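The structure appears right after this line, and notes come after that.
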Amino acid sequence: MSTLETLPSEEIFTLFQRLVYDKLGIHLAKQKRMMLGHRLLKRVKHIQVDNFSAYFRFITNPDNSHELEVALELMTTNETFFFREEKHFDYMSNIILPRINANQDYKVWSAACSTGEEPYSIAMLLNEHCSTPWSVVASDVNKSVLAHARKGIYINDRTKLLPKEYRQTYCVKGTDEFEGYMRVKPELRKQLHFFSFNLLDNMSALGKFDLIFIRNVMIYFDDKTRQNIINGLQQCLNEEGYLFIGHSETLHGLEHSFELIKPAIYQKTHVKENQ
Ligand SMILES: C[S@@+](CC[C@H](N)C(=O)[O-])C[C@H]1O[C@@H](n2cnc3c(N)ncnc32)[C@H](O)[C@@H]1O
């Protein structure tokens, strides 16, 4: 680039906006133009195209699907931490797990798991409190965060809410170049299955779960997308199963048959047949 353009024009921003919406369901408000410019500028330089317009043409060329994936990953926000929104974990250990059916395996899905702190927190808790065999699957659309999640290595500063006894039981301290980091032990890591999944896609092949965490992701979607996702999640939940959403999120305004049990906790209740 000769003169460095650091911000896409409004017109080019609209093209990115539509692309991100179509591919991820994420609605980028107008005010995100600077954020988009900031996040994509290094790719514009790396690919050595002249400007954001040329970069847009580059990533929408089917020959460059890898770069499209890179650009879309940069559009996701991956903030997460261990035992985030701890009320959900309290409810799991105090209310849900003591009542589960002892004859069935307990299945949990962490949808939009980011770098893995959420599903590892769930797995630690299940290992402590679940009396039946259990499984945790975890997905995200962003393959880079999934790679991080599979490794299970975290900087100590970002593990403050991880209880000390869990840290001792389930994690090892990093040494040498990993000083200041900890790693989830392989025994726990191998009990989780991480996979790439776009929440806009059909969920029917994923099977049924007893508990689904879908937290701090629907906040980026509009009502139409959220409704489609909720329809899919309804099919994926077993009867009496629970749905946890982020505490700053709501299903208000959407059609669903869940019962609101507590803030950000929903349960799939029996559909009563007309007599
Ligand atoms: C803020 S993180 C939430 C992580 C975790 N659930 C939590 O509450 O701490 C949001 C995650 O949603 C993922 N995401 C965004 N759009 C998605 C989509 N269409 N399908 C699947 N995951 C998506 C992002 O990649 C990101 O990792």
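The values are calculated or read from the model by the stated rules, or taken from the named source; none is laboratory data. In this text the structure is predicted, and so the values were computed from the model without any measurement. Glycine also receives a Cβ, built like all others from the backbone with ideal geometry; neighbour counts cover every protein chain displayed. When the accessible area is computed, the model is the full protein with side chains, heavy atoms only, and any ligands, DNA or RNA have been set aside. Shrake-Rupley method; radii C 1.70, N 1.55, O 1.52, S 1.80 Å.
Keeping every protein chain in place, order Arg84, Arg150 by accessible area at 1.4 Å, biggest value first, i.e. largest first. Mind showing how you got there, number by number?
Numbers: Arg84 45, Arg150 115 Å².
Reading off the accessible areas and sorting them downward yields Arg150, Arg84.
I'd like to check one number: the per residue accessible area of segment 148-205, probe 1.4 Å, reported in Å² as a whole number.
Values: 3900 Å² over 58 residues.
Dividing the accessible area of segment 148-205 by its residue count gives 67 Å².
Of the DSSP beta bridges with both residues in the chain, give the percent that are antiparallel, rounding to the nearest 5. Please list the in-between numbers first.
Numbers: 13 of 32 bridges.
Approximately 40 percent, going by the DSSP bridge assignments.
Would you mind calculating the gained length between Lys23 and Gln168 on full extension (0.36 nm times residue separation, minus the Cα-Cα distance), in nm to one decimal?
On the way: separation 145, 0.36 × 145 = 52.20 nm, distance 4.06 nm.
Here the answer is 48.1 nm.
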Among Gln191, Gln48, Gln227, the residue with the largest mean-square fluctuation in a Gaussian network model of the chain built from Cα contacts under 10 Å is Gln48
On a 26 Å Cα-Cα criterion, which of the cross-link pairs Lys42/Lys190; Lys143/Lys190; Lys23/Lys224 come out too long?
Lys42/Lys190
Can you tell me which of Leu126, Leu192, Leu15 moves the most in a GNM of the chain? Springs connect C-alpha atoms under 10 Å apart.
Leu15
Asp176 and Asn156 label points (each 7 Å along its Cα→Cβ direction) are spaced in nm at 1.9 nm
Quickly work out the His252-to-His129 label distance, labels modelled 7 Å from Cα along the C-beta direction, and quote it in nm with one decimal.
2.8 nm
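Would you work out the relative contact order for the chain, in percent, from Cα pairs under 8 angstrom that are 6 or more residues apart? Let's see the in-between values first.
On the way: 407 pairs, mean separation 43.2, N = 275.
Relative contact order of the chain: 16 percent.
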Based on Cα positions only, what radius of gyration and what Dmax would you give for segment 29-127, in angstroms?
20.5, 62
Given 0.36 nm per residue, what is the gain on full extension from Leu7 to Gln234 after removing their alpha carbon distance, in nm?
77.6 nm
Whole-number Å³ per residue for the convex hull built on Cα positions in the chain
163 Å³
Just to verify a number: FRET efficiency for His46 and Leu15, C-beta to C-beta distance, R0 = 25 Å, to 0.05?
0.80
Between the DSSP loop rule and a limit of at most 13 other Cβ atoms within 10 Å, which GluC sites (Glu not before Pro) in segment 55-141 are left?
Glu79
Order the following by accessible area, largest value first: His46, His38, His129. Probe radius 1.4 Å; ligands, DNA and RNA are ignored.
His38, His46, His129
Say we join alpha carbon atoms closer than 10 Å with springs in a Gaussian network model of the chain; which of Ile47, Ile230, Ile214 then has the biggest fluctuation?
Ile47
So what is the relative contact order of segment 94-200, in percent, for Cα pairs below 8 Å that sit 6 or more residues apart?
31 percent
Using a 1.4 Å probe and counting only protein heavy atoms, arrange Met75, Met34 so the residue with the most accessible area comes first.
Met34, Met75
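Starting from the Cα-Cα distance between Glu259 and His38, subtract it from 0.36 nm times their residue separation and give me the gain in nm to one decimal.
Working: separation 221, 0.36 × 221 = 79.56 nm, distance 4.14 nm.
Gain on stretching Glu259 to His38: 75.4 nm.
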